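Note sheet for the following structure.
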Amino acid sequence: QVRVDFDPGVTSPKHSHPGVEVAYVISGTFEYQLEGRAPVTLKAGDSLYIPAGTAHVAKNVGDGKASELATYLVKKDTPLLILEK
């Protein structure tokens with residue numbers, strides 16, 4: 001698990017994970033864009049399941065800092081994050 005904090009307007013690089021991710025929004029408002037899907041907007045208390053290998057980006061679309069708790073289910077000794085082009 002890792003807590004990720006985004007300032008307003010910040011977008012993550014496009015990336016994927018070798019295992020699943022569950023993103024739980026602690027505070028603020030995020031827009032998640034998963035490859036092949038329509039964007040979804042989540043607020044504090046909402047969560048999103050991101051399948052293994054699915055490229056995605058997360059953006060803070062709110063006015064203040066936004067935070068998420070990312071829980072990853074990955075095999076030991078594998079890279080946690082793969083940057084996509």
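Quick look at the numbers
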| quantity | calculated |
| --- | --- |
| Number of positions in segment 23-41 that are under 17 Å from Pro8 (Cβ atoms) and open to solvent by 20 Å² or more (accessible area, probe 1.4 Å) | 6 |
| Selection from segment 46-83 of residues that are of a type in the set (Asp, Glu), part of a loop (DSSP other than H, G, I, E, B) and surrounded by 13 or more Cβ atoms within 10 Å (Cβ to Cβ) | Asp46 |
| Residue within segment 34-45 that is in contact (Cβ under 8 Å) with a residue 24 or more places away in the chain and in a strand (DSSP E or B) present | no |
| Cβ pairs under 6 Å, 6+ apart, first in segment 1-17 and under 20 Å from Gly62 (Cβ atoms), second among the basic types (Lys, Arg) and part of a strand (DSSP E or B) | Thr11/Lys59 |
| Residue match in segment 19-29 (condition: in contact (Cβ under 8 Å) with a residue 24 or more places away in the chain and part of a loop (DSSP other than H, G, I, E, B)) | yes |
| For Leu69: the one exception among (1) aliphatic (A, V, I, L, M); (2) over 14 Å from the mean Cα position of the chain (by Cα); (3) modelled with pLDDT of 95 or more | (2) |
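The values are calculated or read from the model by the stated rules, or taken from the named source; none is laboratory data. Everything numeric here is computed off the predicted structure, so don't read it as measured data. So basically every Cβ, Gly included, is an ideal-geometry build from the backbone, and we count neighbours across all protein chains shown. For the accessible areas, the whole protein counts, side chains as well, though only heavy atoms, and no ligand, DNA or RNA atoms are used. Shrake-Rupley method; radii C 1.70, N 1.55, O 1.52, S 1.80 Å.
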